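Colleague: Submitted below is the structure of interest, expressed as structure tokens.
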Number of protein chains: 2
Amino acid sequence: MNETITLLQSHSSIRKFKDQQLSDEQITEIIQSAQMAATSNFIQAYTIIGVKNRNTKEKLAELAGNQPYVAQNGHFFVFCADFNRHNLAAQIEGQDEPLALHSTEKFLVAAVDTALAAQNAVIASESMGLGTVYIGGIRSNIKKVSELLKLPKHVVPIVGLAVGYPDQQPDTKPRLPLENVYHEEHYEENDTLIKEQLSTYNQVISAYYSERTNGERKDRWTEQITKMLTVEKRKTLKSFLEEKGFLLK
Amino acid sequence: MNETITLLQSHSSIRKFKDQQLSDEQITEIIQSAQMAATSNFIQAYTIIGVKNRNTKEKLAELAGNQPYVAQNGHFFVFCADFNRHNLAAQIEGQDEPLALHSTEKFLVAAVDTALAAQNAVIASESMGLGTVYIGGIRSNIKKVSELLKLPKHVVPIVGLAVGYPDQQPDTKPRLPLENVYHEEHYEENDTLIKEQLSTYNQVISAYYSERTNGERKDRWTEQITKMLTVEKRKTLKSFLEEKGFLLK
């Protein structure tokens, strides 16, 4: 196993950071690494907002659900899908707003492009000894987050990322059995088998929590997931995306 | 710059592979690295299909737009968003199909989860000296790709990935100026400035193509992008996703 694979496989999210800010050199290295991720047809459909200002971080933390690590970290990034520059590119070429920007296909392209760049930022950060945690909570009040960051039409926040010097060392969390996630040649649609795999995994996860909480917590994975999916969250996302010119057809 | 950052920043997509297959050990290492990517609320909302069979690869290549490297590579992966297992998880917990699965929010969660895992697979592969290229073309005939891979309801292909031993050494392609992609504190909505940045970048990209084609090709980035976005592609994506139970609200 080489150094990079060891790094990838020892990932865990960090939710407590030391009070030390990233240097501008570190931020540049992270952004340059993010930019070198593959991009669909060279479209480069994202913009990254970096937040240093403590007041802005506090406001973001409030909007994202009051997690302290959104405010207390070494740097906060917001990865946004961005077609504003493509609209301006069309103006340079003497064209109107390109119709494809409104399609579900291009929304997916932009979201995936953004996520690939974000993951490169995570790997770059972790390779420097920094810790990271993604913040989906920025979508909980997405319109207010968008206003705070002054995002124009065609630009939407996809995910936040807190980066900093770790002040905790969480264990890695065991993932689903490989054979549940990886199928060869075609999808193995065997409900009985999948349920067996999930039940075995439930035991792994219950033991994981139990060991770390002196037996207080014993959640099954299927229990966690079902509880989460029973509550519908962020119901305004569709209308927000449409307002911003995405997902219109 | 450490070894991992050097790797991230020297990425270029490989579109010609040697006729050598990945070993099962390499595939396992790649999948395990993919699985350790962060996942929203531990949802792990993806399944990866690995294709070895040459006939299946040939069919995928045909459906994706006849790129030879979809058939000729060391291994082909299809990264799929998957809520089928979450539906089965709910059954284990004695619940009906969770309503949140149908939301735009959860489609975005699944697409981002899938992309983060895919990018870890890319980094793991490249760290072993392998080359990679993402294949968005699998969405060109997404229904037929889905049938070929026997994807059930709640499972959709997001992106393909060809991996193999490189048989070419393309240069890295210069990305957008950092200051165009990275803004501090808030989005810098200055159309004049953005257009200036894009015009400067056009010169970089024209020179890049010109140098590599003895002056035959001199595309501007804004020209490429505008041409691409003027054509609406993959118009059936929205209805396909809805059929599969995604993006219904």
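The values are calculated or read from the model by the stated rules, or taken from the named source; none is laboratory data. These figures come from a predicted structure and were not determined experimentally. Cβ atoms come from the backbone with ideal geometry, glycine included; neighbour counts cover every protein chain shown.
Colleague: How many of the residues making up region A:2-20 are more than 7 Å from every other protein chain (Cβ to nearest Cβ), free of Cβ contacts under 8 Å to residues at least 60 places away in the same chain and not hydroxyl-bearing (S, T, Y)?
Modeller: Residues in region A:2-20 being more than 7 Å from every other protein chain (Cβ to nearest Cβ), free of Cβ contacts under 8 Å to residues at least 60 places away in the same chain and not hydroxyl-bearing (S, T, Y): 1 in total.
Colleague: With respect to A:I142, determine if the residue is hydrophobic (A, V, I, L, M, F, W, C), within 9 Å of chain B (Cβ to nearest Cβ) and closer than 30 Å to A:F107 by Cβ.
Modeller: For A:I142, the condition - hydrophobic (A, V, I, L, M, F, W, C), within 9 Å of chain B (Cβ to nearest Cβ) and closer than 30 Å to A:F107 by Cβ - is not met.
Colleague: Can you give me the number of residues within region A:115-151 that are closer than 18 Å to A:V70 by Cβ, in contact (Cβ under 8 Å) with a residue 40 or more places away in the chain and among the small types (G, A, S)?
Modeller: Qualifying residue count for the region: 7.
Colleague: Taking only region B:29-65 into account, find how many residues are more than 7 Å from chain A (Cβ to nearest Cβ), assigned to a helix (DSSP H, G or I) and over 29 Å from A:G160 (Cα atoms).
Modeller: Matching residues across region B:29-65 total 10.
Colleague: Follow-up question, since we're still on this one. Taking region B:136-156 on its own, how many of its residues are surrounded by fewer than 24 Cβ atoms within 10 Å (Cβ to Cβ) and assigned to a strand (DSSP E or B)?
Modeller: Residues meeting the conditions: 0.
Colleague: Another one. Given the conditions (1) surrounded by fewer than 23 Cβ atoms within 10 Å (Cβ to Cβ); (2) closer than 21 Å to A:V112 by Cβ, which single one is not true for B:Q95?
Modeller: Condition (2) is where B:Q95 drops out.
Colleague: Please work out if A:N190 is polar (S, T, N, Q), within 19 Å of B:H154 (Cα to Cα) and not assigned by the TED database to the domain that holds A:A61.
Modeller: yes
Colleague: Report, ordered by the first and then the second residue, all pairs with beta carbons closer than 7 Å, sequence separation of six or more or different chains, a first member in region B:190-201 that is closer than 18 Å to A:K150 by Cβ, and a second member that is part of a loop (DSSP other than H, G, I, E, B) and modelled with pLDDT of 95 or more.
Modeller: B:Q197/B:P177
Colleague: Anything in region A:66-85 that is within 14 Å of B:Y187 (Cβ to Cβ), outside any helix (DSSP H, G or I), over 17 Å from the mean Cα position of the chain (by Cα) and not hydrophobic (A, V, I, L, M, F, W, C)? List them, or say none.
Modeller: none
Colleague: With the condition kept exactly as written, say whether any residue in region A:169-177 is basic (K, R), at pLDDT 95 or above and closer than 29 Å to A:K238 by Cβ.
Modeller: No, because not a single residue in region A:169-177 is basic (K, R), at pLDDT 95 or above and closer than 29 Å to A:K238 by Cβ.
Colleague: Hey, can you tell me all the residues within region B:86-125 that are in a loop (DSSP other than H, G, I, E, B) and either within 30 Å of A:A124 (Cβ to Cβ) or within 7 Å of chain A (Cβ to nearest Cβ) (or both)?
Modeller: Across region B:86-125, the qualifying residues are B:E93, B:Q95, B:P98, B:S103.
Colleague: Would you call A:K106 more than 18 Å from the chain's Cα centre (by Cα) and of a type in the set (K, R)?
Modeller: So A:K106 fits the description; yes.
Colleague: Got a sec? Which of B:A121, B:A100 is aliphatic (A, V, I, L, M), closer than 25 Å to A:T114 by Cα and at pLDDT below 95?
Modeller: Only one candidate qualifies: B:A100.
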